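The values are calculated or read from the model by the stated rules, or taken from the named source; none is laboratory data. Bear in mind that the values here come from a model prediction, so they are computed numbers and not experimental data. Because the Cβ atoms are built from the backbone with ideal geometry, glycine has one as well, and the counts that use them run over all protein chains shown.
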Amino acid sequence: MSNANIYANLREQFPADLDSIAVEADNGLHYSWRDIERGSAMMANLLQSLKIPAGSRVAVQVEKSVEAMMLYLATLRAGMVFLPLNTAYQSAEIEYFITNAEPAVVVCSSKNFGWVSKIAFTCGAQSVFSLNDDRTGSLLERAVHCSDIHSCSRNKDADLAAILYTSGTTGRSKGAMLSHGNMLSNAAMLKDYWGWKQGDVLIHALPIFHVHGLFVAIHAALINGSKMIWLNKFDPKAVIAAMQKATVFMGVPTLYTRMLSESSLTPEAAKNMRLFIAGSAPLLKETHEEWKQRTGHKILERYGMSETVMLTSNPYAADSRYQGQSERRAGTVGFPLPGVSLRIAGDDGKVLPVEEIGGIQVKGPNVFAGYWRMPEKTAEEFTSDGYFKTGDVGKQDARGYVHIVGRSKDLIISGGYNVYPAEIEGYINEMTGVAESALIGVPHPDFGEVGIAIVIAKPGAALKPEAILAALKSKLANFKIPKRVEIVAELPRNTMGKVQKNLLREQYKVSFV
């Protein structure tokens with residue numbers, strides 16, 4: 001019987017020479033493939049020594065490091081469920097996630113150990129460890145005493161591997177459940193579709209608490225046996241310099257705009273590269289064109305979600321297996337990936353013809369099973385014939401390219417991070433003196449999109465924008481904080497009394513342009 005455990009399958013693709021370099025870190029350290037195998041084995045043995053059941057959740061909120069990647073791999077190989085948490089999340093957010101997911105193990109940075117451990121133990125966690133980006137912390141102190149030989153857990157395709165929390169219009173976060181089969185099928189398919197080959201080297205400059213950096217980038221390198229040049233923090237100059245010894249880069253549009261501001265970005269600097277991939281937010285046509293002019297390369301834009309991993313992609317190159325898929329077209333997210341069925345549906349659920357705009361629905365081996373402990377919500381998000389309703393609005397043209405034209409769930413994507421207005425509005429509306437608020441997304445030259453909070457004061461209350469922002473900063477991750485607060489007398493409404501955010505977006509659209 002074959003083992004669907006994703007680590008077992010990634011491990012099979014490691015190079016024969018396990019002492020060759022797997023990761024070249026920005027702290028000067030080099031990690032071999034043997035180091036990755038041994039380090040993750042010791043952590044997996046530590047997790048299993050805790051005598052917690054298979055399928056237990058391991059919640060992780062730590063700074064990016066190679067050791068943090070090893071912890072992810074260790075969780076998979078131990079047959080447990082990885083729960084990555086954004087490092088910017090504050091206490092109110094962490095308390096919700098831990099209460100909802102009920103992890104048996106929580107791992108956090110030493111600087112946050114006091115308050116995180118208090119929440120974790122209150123919610124029933126068995127163990128709390130610390131892990132820092134300088135190779136310190138109680139997790140490593142304990143793991144070093146464990147065996148570096150580990151027998152990988154045996155799993156089926158449908159077994160849960162990870163939970164990624166993603167909010168909705170209600171502001172209540174939902175845990176998208178991804179299986180070993182979801183992630184392995186996507187990794188194997190992208191290896192082929194993006195033309196990975198022997199000798200490829202990936203520049204890894206993304207965070208590792210969401211799909212893009214954790215699954216797409218890491219899985220791609222490991223399943224191809226490719227070295228990673230690892231940057232704990234994105235630095236445009238460092239990435240451009242690393243291009244001389246790399247071939248692939250993945251980033252959000254903001255990273256590309258920041259590199260375009262560097263004079264060192266030239267065709268010569270990028271001559272060794274074969275592929276630049278963008279995702280997590282819409283890439284402006286202007287950025288696509290400027291990148292081509294500055295480097296000679298066309299960025300490959302793709303589309304995915306926490307619930308589905310990757311769904312569509314512009315083509316890597318002309319290939320007879322993918323008829324008509326040869327041109328990377330700016331302003332589109334390409335074609336449905338092999339194995340993915342995509343359709344556009346109207347409000348009545350009926351499938352729409354080519355060029356008509358409607359809701360994007362998808363089906364395939366990469367699509368998640370549902371939301372953690374939310375059977376009703378899961379049922380709402382799937383059609384009777386098994387298609388997932390993404391909440392994105394778009395169309396498919398006559399050539400098959402998918403165009404995303406909006407987001408029905410009112411989502412704001414700022415610097416590649418998802419910001420859900422209802423969540424922020426909930427916090428603002430609870431503040432003393434606030435009658436109502438509306439958060440809108442407006443264009444921004446660096447972040448792509450940022451939030452502006454439009455707030456109505458209660459009669460007699462004197463609200464100050466800076467006080468509202470300060471209060472939010474004490475509760476929420478920085479990327480969720482609006483760039484501006486406007487105090488107004490009233491909000492535009494339709495005949496049903498619903499706030500017309502489209503009018504607000506039009507009114508404030510040039511705020512940062």
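Can you pull out every residue in the stretch 147-198 that is crowded, with 21+ Cβ neighbours inside 10 Å and without any contact (Cβ under 8 Å) to a residue 60 or more places away in the chain?
196
For the stretch 447-500, which residues satisfy the criterion of being in contact (Cβ under 8 Å) with a residue 40 or more places away in the chain and either more than 29 Å from residue 97 (Cβ to Cβ) or assigned by TED's automatic domain parsing to the domain that holds residue 86 (or both)?
Hit for the stretch 447-500 is 491, nothing else.
Would you call residue 197 among the charged types (D, E, K, R) and assigned to a loop (DSSP other than H, G, I, E, B)? If you could, list the steps in order and put the result at the bottom.
Values: among the charged types (D, E, K, R): yes; assigned to a loop (DSSP other than H, G, I, E, B): yes.
It is true that residue 197 is among the charged types (D, E, K, R) and assigned to a loop (DSSP other than H, G, I, E, B).
Are there any pairs, at least 6 apart or on different chains, whose C-beta atoms fall under 9 Å, with the first in the stretch 41-54 and over 17 Å from residue 5 (Cα atoms) and the second exposed (fewer than 14 other Cβ atoms within 10 Å of the Cβ), and if so, which?
42/144; 42/145; 42/147; 46/145
Evaluate the stretch 129-143: report whether one residue or more is touching a residue at least 12 places away in the same chain (Cβ under 8 Å), closer than 23 Å to residue 51 by Cβ and assigned to a loop (DSSP other than H, G, I, E, B).
The answer is yes, given that some residue of the stretch 129-143 is touching a residue at least 12 places away in the same chain (Cβ under 8 Å), closer than 23 Å to residue 51 by Cβ and assigned to a loop (DSSP other than H, G, I, E, B).
Can you pull out the residues in the stretch 424-470 that are of a type in the set (Gly, Ala, Ser) and assigned to a loop (DSSP other than H, G, I, E, B)? Walk me through how you get there before you give the answer.
Applying the first criterion (of a type in the set (Gly, Ala, Ser)) to the stretch 424-470 yields 426, 433, 435, 437-438, 441, 448, 451, 453, 457, 460-462, 467, 470.
Residues satisfying the conditions are 433, 460, 461, 462.
Out of the residues in the stretch 210-229 that are modelled with pLDDT of 95 or more and outside any helix (DSSP H, G or I), which is surrounded by the fewest Cβ atoms within 10 Å (Cβ to Cβ)?
225
Inside the stretch 1-17, can you point out the residues that are in contact with a Lys or Arg (Cβ under 6 Å, 6 or more places away or on another chain) and not polar (S, T, N, Q)?
First, the residues of the stretch 1-17 that are in contact with a Lys or Arg (Cβ under 6 Å, 6 or more places away or on another chain): 3-4, 7.
Listed by number, the residues that qualify are 4, 7.
So which residues in the stretch 332-358 are crowded, with 19+ Cβ neighbours inside 10 Å, of a type outside the set (Phe, Trp, Tyr) and under 22 Å from the mean Cα position of the chain (by Cα)? Before you say what the answer is, go through the steps one by one.
Narrowing the stretch 332-358 to residues crowded, with 19+ Cβ neighbours inside 10 Å: 332-337, 340, 342, 344, 358.
Subset that is of a type outside the set (Phe, Trp, Tyr): 332-334, 336-337, 340, 342, 344, 358.
Result: 332, 333, 334, 336, 337, 340, 342.
So which of 442, 434, 393, 455 ends up being touching a Phe, Trp or Tyr at 6+ places or on another chain (Cβ under 9 Å) and of a type outside the set (Phe, Trp, Tyr)? Spell out how you get there, then give the answer.
Values: 434 fails: touching a Phe, Trp or Tyr at 6+ places or on another chain (Cβ under 9 Å); 393 fails: touching a Phe, Trp or Tyr at 6+ places or on another chain (Cβ under 9 Å); 455 fails: touching a Phe, Trp or Tyr at 6+ places or on another chain (Cβ under 9 Å).
Checking each option against the conditions leaves just 442.
Look at the stretch 469-488 and say how many of its residues are in contact with a strand residue (DSSP E or B) (Cβ under 7 Å, 6 or more places away or on another chain) and not charged (D, E, K, R). Steps first, answer last, please.
Within the stretch 469-488, the subset in contact with a strand residue (DSSP E or B) (Cβ under 7 Å, 6 or more places away or on another chain) is 469, 479-480, 482-488.
Okay, now just the ones that are also not charged (D, E, K, R), so 469, 479, 482, 485, 487-488.
Of the residues in that region, 6 qualify.
Keeping to the stretch 235-260, report how many residues are assigned to a loop (DSSP other than H, G, I, E, B), more than 18 Å from residue 199 (Cβ to Cβ) and at pLDDT 95 or above. Give the derivation first.
Start the filter on the stretch 235-260 by keeping residues that are assigned to a loop (DSSP other than H, G, I, E, B), which leaves 235, 246-247, 252.
Next cut, more than 18 Å from residue 199 (Cβ to Cβ) only: 235, 252.
Imposing the further condition that a residue be at pLDDT 95 or above reduces the set to 235.
Adding up the residues that qualify gives 1.
What strands (runs of 3 or more DSSP E) completely inside the stretch 4-72 contain at least 1 residues that are out of contact with any Leu (no Cβ under 6 Å at 6 or more places or on another chain), aliphatic (A, V, I, L, M) and within 27 Å of residue 124 (Cβ to Cβ)? Even if it seems obvious, please write down each step before you answer.
Values: elements: 21-25, 30-32, 57-61.
Strands (runs of 3 or more DSSP E) meeting the threshold: 57-61.
Restricting attention to the stretch 207-234, which residues are under 27 Å from residue 192 (Cβ atoms) and polar (S, T, N, Q)?
224, 226
Can you tell me how many residues in the stretch 265-286 are in a loop (DSSP other than H, G, I, E, B) and either without any contact (Cβ under 8 Å) to a residue 60 or more places away in the chain or within 11 Å of residue 249 (Cα to Cα) (or both)?
First, pick out the residues of the stretch 265-286 that are in a loop (DSSP other than H, G, I, E, B): 265-274, 279-284.
Filter again for either without any contact (Cβ under 8 Å) to a residue 60 or more places away in the chain or within 11 Å of residue 249 (Cα to Cα) (or both), leaving 265-274, 283.
Matching residues across the stretch 265-286 total 11.
Counting only residues that are more than 28 Å from the chain's Cα centre (by Cα) and of a type outside the set (Ser, Thr, Tyr), how many does the stretch 469-503 have?
From the stretch 469-503, those more than 28 Å from the chain's Cα centre (by Cα) are 486-500, 503; that's our starting set.
Then keep just the ones that are of a type outside the set (Ser, Thr, Tyr); that gives 486-494, 496-500, 503.
Going through the stretch 469-503 one residue at a time, the tally reaches 15.
Would you be able to say whether some residue in the stretch 483-493 is touching a helix residue (DSSP H, G or I) at 6+ places or on another chain (Cβ under 6 Å) and under 30 Å from residue 287 (Cα atoms)?
Taking the stretch 483-493 and keeping what is touching a helix residue (DSSP H, G or I) at 6+ places or on another chain (Cβ under 6 Å), we get 485, 492.
From what is left, the residues that are under 30 Å from residue 287 (Cα atoms) are 485.
For the stretch 483-493, residues touching a helix residue (DSSP H, G or I) at 6+ places or on another chain (Cβ under 6 Å) and under 30 Å from residue 287 (Cα atoms): present.
Which members of the stretch 118-139 meet the condition of being among the β-branched types (Val, Ile, Thr) and either touching a Phe, Trp or Tyr at 6+ places or on another chain (Cβ under 8 Å) or under 13 Å from residue 65 (Cα atoms) (or both)?
As a first pass, look at the stretch 118-139 and keep what is among the β-branched types (Val, Ile, Thr): 119, 122, 128, 136.
Those that are among the β-branched types (Val, Ile, Thr) and either touching a Phe, Trp or Tyr at 6+ places or on another chain (Cβ under 8 Å) or under 13 Å from residue 65 (Cα atoms) (or both): 128, 136.
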